[in-house]
Structures are given as structure tokens and as C-alpha cells.
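Participant: Next up is a structure, given as C-alpha cells.
The values are calculated or read from the model by the stated rules, or taken from the named source; none is laboratory data. Given the structure is predicted, the values throughout are model-derived calculations rather than measurements. As a convention, Cβ positions derive from the backbone with ideal geometry for all residues, glycine included, and neighbour counts pool all protein chains shown.
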Amino acid sequence: MTAFLSPIFEPGFFSNLPVQTALLVGGVVAVVSGIVGTFTVMRGQSFAGHSLADIGTAGGSASFLLGISPLFGFVAMNLMAAGVMEWIGIRRPRGRDLATGIVLGAALGLAALFLYLDATVSSTTGATVNVLFGSIFTLPSSLVPVIVIFSVVAAGIVLAMYRPLILSSVSADLAKAQGVPVRLVGIGYLVALAVAVSLSAMTIGAILSTALLIGPAATALRITNRPGRAAVIAAAIGVAATWLGVLLAYDSYYWFPSRGGWPVSFFVVTLIFLIYVGSQLRFRRRPRAERSSTATQAA
Amino acid sequence: MFSGLMLNAWESASIVAVVAGVVGFFIVLRGAAFAAHALPNGAFAGAAGASLIGVDAIAGLAVFSVLGALTIAALGRRARHDVATALVIVVMLGLGSLFLSMTTEYAPEIYSLLFGEILGVSSSELIPIAVIGVICIAAVFIVYRPLMFSSVMPDVAEARGVSSGLMEVIFLVIVALTTTMAVPVVGALLIFSLLISPAAAARSFTDRPFTAMGLSVLIALGTVWSAIALAYLSNLPIGFFVGSIGAGTYAAGRGWVAWRRNRRASPRLGAAGGSPAQALST
């Protein structure tokens, strides 16, 4: 059995502590991203989701200056940014991307400043690459409980307002007519998104967080129209892609240029993209899905 | 401040600002902020790839940003546009992280590609930057009427025979070329700010397309010029100034709109509590 599996699992895969941490954290983050991401795709807020990951880098880089864990920098910055976005108009579909973009632009300017100060004042080298691209293999295992707690909070917020959230995501007008406090639900959802994205951006990098948030959810919504089922499928796809990506990255240690393996994010992102493209080919135009997506766009 | 390498910086940044002002006007009009953010990020991967195989960075930037534009257009036709854009950006960034892991590039190089390096523009880069800039401006004016039409009223334009799919492709390629020439100067992350902030601010001040476009160019020029001067004087990164001045001009535009609306609305408010037209415009 071991001899049979060893070409797939390089020796030491399961007994390696960084790998265990990576599998655990990656799995938890993928599940939360799948659940929150389903609503992100339904609400057409992919840009906000991606922006929060990038905006968090300003908080992450500032925390190196303050000497606190980047995780708290990410969460604080993202909650603030979500507040500003909501305030300057994320609700209107037309001006929404613009509002997001302006906040993103300002935050990236701050990130430039903080990363520069990291390098010159506190001489933290590698902050740029670390903050932007993350590194799942260098996570301290002491951070795991914090990540799990934050994940439970983000998933809990979404589940607590599950039905009103679905209703207001599909049609804001209908939800308003039914007495759903649409704006409050929107704010609650943004908080969950901000927490989920900071977690994943912090642990697995800003790129991967967008991939895990949007890719599995978009694929799942191709396969089924039901939000609940889509969230479960999205979480499953995310976990599968993350674990397979960690495995491939571990195996790639001896591959071509051999400079310590290929990055995990590359594998995970590519797997998610292939799954998405595959689902596009398999589940071509479905009238109901099409109609509901235009309804969301109009909302 | 105006000698040697700095002269290159002033010239290249001015070209970038003019093109960004014009192209940015259409980005804001079409609400394509996400694509304008995605393409420069993807182009960053192209620059990393170019340094890996040892070709000119501009070639890598051009190939990746145009490929990204075409992929967004192709995927966006079948599915939600924002989802297509999000997936393209992550795939390109994933490739970028792969290339970075393979090169021996030092962190400061990566930083300057992402956040810009005003002293990084050499005289030999000035020519391609200017040529691509002229191509972008010319392209915008050649397709000006149909592009305007399909941006403002896509359905009517489609009925009159303006293919919105084709316009989307042309528009995204123009954004990709703008990206290519701007990334070496202001960096992958901050060209985005330069593309949307001046144009968004300009739209708050006027509704006429040509006036807005001219105003957006002026604001973009003002932004980069003051950013260069401040960066030179304070020794802080230029990206920080571009980002914060951009957000500042947008806030000024929004403030102007709010102030004018208040002033116009106040005498009428007592009578009808705001007109339907006002409700529409908010």
C-alpha cells in the first residue's frame, strides 16, 4: 500500500507539521470562503471581495510597523474599508464598482507607504511578497485557534441571517416588500465578507483568497440554482482544490528549477480555474440560472 | 528636481496621465473599474515572466495584459462579467507568483513593479511608452462614437448595429495597452487609481463628455505632477501620493455635487420634499 501511494504522496507528507497546519487552515478557510463566496457571486460583489483582499494588505503591512500579528491588521483594515464602501455607496449597482475602486486605490497607496516603511524603518525584508502572495507553509501553528474562531464568526453571521440574506441577494425590492431590513442585512454580510477575506488573505495570500471566494462559488452556482446546495458544493470544491494544491506543492519540491518547490497558490488557483472552465463546458446555458443571474444584476 | 533621470520621470508620467485621463473616462462611464484593476495586476505576472526568460519587460506586460483582456471578454460573454474578471485576475496572479518563485529577482524589483518607481524609467523606454500612448489615444478617437453609444445605451446601440461584444473587446484591449505603458512608470497597483479617480472626479463637475474628458486629463496631470514633486521632496514612494491624491480629488468631486444639490434643493424642499428628478439623480 505504502509503496503504491509513494509516487503520489512524497515521503513525510502526513507527518510534516507545516503540512498538517496547511491542510487544516486551508480546509477551514476554503469552507468559509465557499459559504460566503456563494452570496458574493449571487450579489455580484466579486470586485468588493477581491478589493478587500488587496485593501487588507495595507493593514497587514502596517502591523509589521506596530509589531502586532498581521492577522489583526488585516481584520481591522478590512472592517474599516467595508464601512467606507457601504457609506459611499456600495448599494447602488451602477456606482458600486466605482466606490469600491476609490477605496481600493486609496488603500493601495497606503500599502505602498507602509511596505516602504517596513523595508526602510523596521527593515522587515520580504514583507511585500509575504503579504501579497501569502505562504501557507510558514504559518505558526499558534495562529490556528484564532483562525478557526474568526472562521466560525464569519460563517455564523451568514447562517444567522440565511433566509433574509438569500432573499435580499436575489431581489432587493422583493425583500424590502417582505419587510427585510435590506440595508442591515447588507452591512452584516459585508462584515462577514471582510472577516472571511482577511482570514484567507492573511493565511494563504491575497490572490488565493479571491480564487477561493469566487471560483468554487461560481462553479457551484452553475451546477445548481439552490443557494444552500451551492454553498455546500462550493465549500467542497474549495477544500478539494486546496488540499490537492498543498499536495502538489509538496511534491513539486524536486521539480524543475528546484528552488524549494512551486508556490501553493499557483496550483490552487489553476485547479479552481480548470474546474470552473470545465463546469462551463459541461453545464451550458441553463435558462433558470440565466434568468436568476440577470435578476441579481438588475437588483 | 528637473534634471537627468527626473526629466524622464516627468515626461513619461505626463504621457501616462494624458492617456489615463482619456481612457479612464470610458472606464468610469462603463463601470469597468474591476477590469481596470485586473489587467494591470495580470500584466504584473507578464513582467515577472519576461524577467524569467530574459526579454524586455514591456513585451511581457503587453502579451499578458492583452491576453487577459481577451480572456475576460471571452469568458464574460458566457457568465457574469465580474466573476470572469475575478477568475482571470487570480489565474494571472497565480502565474505571477510561480514566475517570481523561479526567478532570482530581488524584492525591491517586485516592489517597484507593483508600486512604481519614478526613477526607474530609462530614456530607451520613453519611446515605446510614447508610441503605445499615441496608439491608445488614436484608438479611442477612431471608435469614439460607437464606443460612446454602446457604453451609454448598449441595447439601443445593439439595435442600430453596434456590436456591444466587439466594443467590449476593443475597449478592453485599449485598457490593456494603457496598462502596458503605465506599469513601468506608476506600478501595477497604482495605475488603477490614476485610471478611475480623475475620471470619476471629472464626472462630478460636468455632464458633457468632451469637457469631462479634458477635465479628467487635467486632474490626472495634476495628480501625477504633484505626486512626483512630493515623492521627490519627501523621499516617500510615489504610489502613496498617487493613491491619496486620487481619493482626495474624488472626495472633492463628491463634495461639490452634494454642496450644489443642497443649495439648489433648499428653497424647494419645504414645498414638495424634493422633485422626482432629484430622486432619480441620487
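Participant: Residue by residue through the range B:10-25, note down the ones that are of a type outside the set (V, I, T) and surrounded by fewer than 24 Cβ atoms within 10 Å (Cβ to Cβ).
Facilitator: Result: B:W10, B:E11, B:S14.
Participant: Consider the range B:215-245. How many of its residues are under 17 Å from B:L114 (Cα atoms) and part of a helix (DSSP H, G or I)?
Facilitator: The number of residues fulfilling the criteria is 11.
Participant: For B:L194, state whether it is outside any helix (DSSP H, G or I), within 14 Å of chain A (Cβ to nearest Cβ), under 17 Å from the mean Cα position of the chain (by Cα) and in contact (Cβ under 8 Å) with a residue 24 or more places away in the chain.
Facilitator: no
Participant: With respect to A:A194, determine if the residue is closer than 30 Å to A:F273 by Cα and at pLDDT 85 or above.
Facilitator: yes
Participant: Enumerate the helices (runs of 4 or more DSSP H) found wholly within the range A:182-277, keeping only those where 3 or more residues are surrounded by fewer than 20 Cβ atoms within 10 Å (Cβ to Cβ).
Facilitator: Result: A:182-204, A:227-251.
Participant: Which of (1) at pLDDT below 80; (2) assigned to a helix (DSSP H, G or I); (3) more than 9 Å from every other protein chain (Cβ to nearest Cβ) is the odd one out, the single condition B:E105 does not satisfy?
Facilitator: (2)
Participant: Given the conditions (1) within 21 Å of the chain's Cα centre (by Cα); (2) at pLDDT 75 or above, which single one is not true for B:G116?
Facilitator: It is condition (2) that B:G116 fails.
Participant: Restricting the first residue to the range A:66-83 and requiring it to be buried (at least 21 other Cβ atoms within 10 Å of the Cβ), which pairs with a second residue that is of a type outside the set (K, R) and not in a helix (DSSP H, G or I) meet a Cβ separation below 9 Å and a spacing of at least six or different chains?
Facilitator: Sorted first by the residue in the range A:66-83, then by its partner, the pairs are A:A82/A:I90.
Participant: Those residues that are farther than 22 Å from A:V32 by Cβ and of a type in the set (S, T, Y), I need them from the range A:158-192; list them, please.
Facilitator: Selection gives A:S171 alone.
Participant: All but one of (1) crowded, with 17+ Cβ neighbours inside 10 Å; (2) at pLDDT below 85 hold for A:F4, so report the exception by its number.
Facilitator: Condition (1) is where A:F4 drops out.
Participant: Can you name every residue in the range B:225-251 that is touching a Phe, Trp or Tyr at 6+ places or on another chain (Cβ under 9 Å) and among the β-branched types (V, I, T)?
Facilitator: B:I228, B:I238
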